Amino acid sequence: MRYGGAAAVELRRRRRTHSGKKSTAQPAAFAALVVFLFLVYAIGASKAGTWLAENVAAPVFRWIAPIEEETSAETAQTTPEPSAEEQKTTRKISAPAYVCYALQMGAYENEDNAENQAESLREVGAAGYVLRDDEWYRVLAAGYATETDRDSVAENLSAQGVETRAYTISYSERALTVTATETETDAFASAVETASGLPGAVYDACIAFDREQESVEEGKTAVRSIRSDAERALASLGELQDDTDGEVAALTACFQDVLLLADDLLGADDSDKVAFSSAFKRFYLSTVGIYGGYLTKQ
């Protein structure tokens, strides 16, 4: 850190003061030394010589020594190097790609028609999630992490006379270049990692809720854990300066949206498992869309 402002003025004042002391002190020191040498020569090795050594010579040299020490201290003073925290580095960070394999129940040009079908699906525990895609409003029953899981469910539904279509939601990896201090970059990279893991965490919890026949309270416990991870990442971003082309702001918005959805789910009725299951599936698909929105940020 460079010295500036009042610190710089004080440093210059100290140097001027020292310079004045040095200019007046040196002639006086020299004169005292001459007197001392003359007395030593005149008295020789008498007892008075001992008295002079103790009472004249020692004080004279003690008086001169502080000037030399002060000069050395001033000379040794240097400007501190910038701390590691103040030094910025550039690092490449990747936000991983994500793919969701969804079951589509219908596609409409009219949003109201899509919402009507979505509501019917929610009543039986499906997601009833409406996705706007170009000119279409696609109604999704659920989303899965693998094609195998999706196709297995589609076959079971087909055997019951319910026809579906496969629809894939895909987002590519996003490469970021961040210039910040090492501490700031580490915090940002950690937040990106947390964000990329949110869809998968919600998916695992949602699948466990249905397959393990968990209670609504058990489902909410899993949601609270996911919410805590998002909240911690959001808090770490709050300590960073957004000088990376809006990346901190975009990631902050991502976590805030997930927290809002989690709070809605935590406020659900504990006695209605069907409604909670439907909301859990929407939570997953919504989280996929939120993270995908960050990946496609321009």
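If R0 equals 45 Å, the separation of the Cβ atoms of residue 208 and residue 115 corresponds to a calculated FRET efficiency of about 0.95. Projecting the alpha carbon convex hull of the stretch 236-288 along each direction and taking the average yields 4.2 nm².
Counted residue by residue at 0.36 nm each, then reduced by the alpha carbon distance between them, the extension gain from residue 259 to residue 94 reaches 57.1 nm.
Taking other residues whose beta carbon is less than 11 angstrom from the beta carbon of residue 142, and scoring Lys, Arg as +1 and Asp, Glu as -1, yields +1.
Fully extended, how many nm does the chain gain between residue 87 and residue 153 (0.36 nm per residue separation, minus their Cα-Cα distance)? List each step's numbers first, then the result.
On the way: separation 66, 0.36 × 66 = 23.76 nm, distance 5.35 nm.
My answer for the length gained is 18.4 nm.
As a size descriptor, the averaged projected area of the C-alpha convex hull of the stretch 90-131 was calculated at 4.9 nm².
I need the calculated FRET efficiency for the pair residue 249 and residue 146, taking r as the beta carbon distance and R₀ as 30 Å, to the nearest 0.05.
Working: r = 33 Å, r/R0 = 1.11.
So, using R0 = 30 Å, E works out to roughly 0.35.
Spatial offset of the stretch 202-249 relative to the stretch 107-147 amounts to 24 Å, using the alpha carbon center of each.
Potential lengthening of the chain between residue 162 and residue 241 amounts to 23.3 nm, from the contour at 0.36 nm per residue minus the alpha-carbon distance. Computed across the stretch 92-237, the Kirkwood hydrodynamic radius from all distinct Cα-Cα pairs reaches 17.5 Å.
Across all Cα atoms of the stretch 206-263, the radius of gyration (one decimal) and Dmax (whole number) stand at 14.7, 47 Å.
Counting every Cα pair in the stretch 172-289, what percent are over 26 Å apart? Pairs farther apart than 26 Å: 27 percent.
Surface composition of the stretch 99-219: carbon and sulfur make up 41 percent of the accessible area, probe 1.4 Å. Each residue, residue 298 and residue 229, gets one label point 7 Å from its Cα in the Cβ direction; the gap between the two is 3.2 nm.
The values are calculated or read from the model by the stated rules, or taken from the named source; none is laboratory data. Only a predicted model underlies this, so the values are computations on that prediction, with no experimental measurement involved. For neighbour counting, all protein chains shown are included, and Cβ atoms are generated from backbone atoms with ideal geometry for every residue, glycine included. The accessibility values were calculated without ligands, DNA or RNA, using every heavy atom of the protein model including side chains. Shrake-Rupley method; radii C 1.70, N 1.55, O 1.52, S 1.80 Å.
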